[in-house]
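Participant: To start, I am sharing the structure in question, which I have written as structure tokens.
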Amino acid sequence: MLAVAGCFLGTVIGSLPGLGPSNGVAILIPLAFSLGLDATESLVLMTSVYYGAMYGGRISSILLNIPGDEPALMTTLDGYPMAKQGRASDALVLSGVASFVGAFLATIGLMLLAPILARVAYLFGPAEYFALYLLAFCTLGGVSSKNQAKAAVAAMIGLGIAMIGLDNQTGIPRLTFGDMHLMDGIDFLVAIVGLFAVTEVFVFIESHGKESAIGVKLGKITVPFRDIGKSFFAMLRATAIGFIAGVLPGAGASLGSFLAYMSEKSIARDKDTFGTGNPRGVAAPEAGNNAAAGGALVPMLTLGVPGSGTTAVLLALLLTLNITPGPLLFEERPEVVWGLIAALLIANVVLLIMNVPLVRLFVKILSVPAWLLLPGITMISFAGIYSLSGSSFDLLLMTGFGLLGYFMRKLNVPTVPIILGILLGKYMEDSLRRAMVISNGDWTYLFSSEIAIGLWVAAIAGFVAPMFLRNLLTRPPRHKS
């Protein structure tokens, strides 16, 4: 039941332009707590929302030529032309099947790869974990951010916020300015809901509620077996590419979608038809971005490092539930890990069943006035946060984070590094302190193993490479009008 509810809510949120899986999970986390769900139940609901939002992003991409989220950008290139040719229903069903193939096979990959990576993680000490956290900061947002300097500033803001509260070792207040409310630090749920949900309301108010109308006719819903057959191997190739992109910390679904589309176009004999409504141009990016969504869960569960912005939000959920991701998670809380994987398998089947016959219902949701929808979602967020803490200060703080997110949006500064800084800041500090204690203050201990050196090299490469690859990764290929 939770998987079905999460899949439905996620698909609705994903189909609304601009929200996406990160916002969907962040908005609904307070709901999970207010319902009194335990750890496994909360994860079932939230991961179903996650996968549902990844499915839903294709709906507005195909019908409105507006990506529901960034990974769905590549779907617009051939999805919208198919819709204009009167094949909107074919594009929606084909993309739903491709999403199922990518996400289902990625979940199988998660089952096979995560335990292996968990065993490798036993080799990690304080120096390796510090380098791993650094890798996450250097790579997360590197591909999607337009400016590496801004991403670095955002990460530093997040690290600064993580320092607020009592020092773990000395008990001395830091950055509290004498306010008792800040002694326990900043709750990451307050920051996440503020930066995502509340910011969206401010952006909506500024835009004066401009809305888009569906410009294509949906027609009769049919299953395009011929297109599915022609695109099947494209789905398999895209799944492999997307899963690898998802496992890499920071690469995520956007890169998986882009690489899947470009690789499929590069090997196709009919390259000129891509961008004009080629079914493989719809199937490849959808399989790629959904496979990347599953792959991103691998480093989060085994190493405690999120592979994407949405898994950073899921990491916050785990920490709030007193669950520490890492290699010991598979031994200490196997019911959480395998319950999560079972939920993913169930969610994929539910989403396939839901997204073919009920796609017309999700299309109608796009016509709900945004002036009614967004404030309603925000009020649910406020009620959920208040039910957790009973503190009006947290509501004011959440509004403050909403304003911060709004101004950062205006300055094109990414907010995901802030979330990552708040989530991982204290763990990164603890690893650094332990490393310095073990080595008696010798900073070269941070480079004392092959694993640590490899992670440092990967972190530097992950920070520098997007500066040279940005034009290639962020500029979609031109297509014929």
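The values are calculated or read from the model by the stated rules, or taken from the named source; none is laboratory data. This is a predicted model, so every value here is computed, not measured. Glycine also receives a Cβ, built like all others from the backbone with ideal geometry; neighbour counts cover every protein chain displayed. Side chains included, ligands, DNA and RNA excluded: accessible areas come from the protein's heavy atoms. Shrake-Rupley method; radii C 1.70, N 1.55, O 1.52, S 1.80 Å.
Participant: Consider residue 373 against the criteria (1) at pLDDT below 80; (2) of a type in the set (A, V, I, L, M); (3) crowded, with 18+ Cβ neighbours inside 10 Å: it satisfies all of them except one. Which criterion is unmet?
Facilitator: Only one criterion in (1) at pLDDT below 80; (2) of a type in the set (A, V, I, L, M); (3) crowded, with 18+ Cβ neighbours inside 10 Å is unmet by residue 373, namely (3).
Participant: Filter region 265-318 down to the residues that are aliphatic (A, V, I, L, M) and open to solvent by 10 Å² or more (accessible area, probe 1.4 Å), then identify the one that is nearest to residue 337 (Cα to Cα).
Facilitator: 303
Participant: With respect to residue 268, determine if the residue is among the aliphatic types (A, V, I, L, M) and modelled with pLDDT of 85 or more.
Facilitator: No.
Participant: Would you please name the residue that is surrounded by the fewest Cβ atoms within 10 Å (Cβ to Cβ), looking only at residues in region 401-436 that are without any contact (Cβ under 8 Å) to a residue 60 or more places away in the chain and not charged (D, E, K, R)?
Facilitator: 407
Participant: Only residues that are at positive phi and not in a helix (DSSP H, G or I): list them for region 2-58, please.
Facilitator: Matches in region 2-58: 18, 36.
Participant: State all residues of region 149-175 that are without any contact (Cβ under 8 Å) to a residue 40 or more places away in the chain, part of a loop (DSSP other than H, G, I, E, B) and either of a type in the set (A, V, I, L, M) or crowded, with 16+ Cβ neighbours inside 10 Å (or both); if no residue qualifies, say none.
Facilitator: 164, 172, 175
Participant: Look through region 176-203, keep the residues that are out of contact with any Gly (no Cβ under 8 Å at 6 or more places or on another chain) and in a loop (DSSP other than H, G, I, E, B), and return whichever of them is surrounded by the most Cβ atoms within 10 Å (Cβ to Cβ).
Facilitator: So, considering only residues that are out of contact with any Gly (no Cβ under 8 Å at 6 or more places or on another chain) and in a loop (DSSP other than H, G, I, E, B), the one surrounded by the most Cβ atoms within 10 Å (Cβ to Cβ) is 187.
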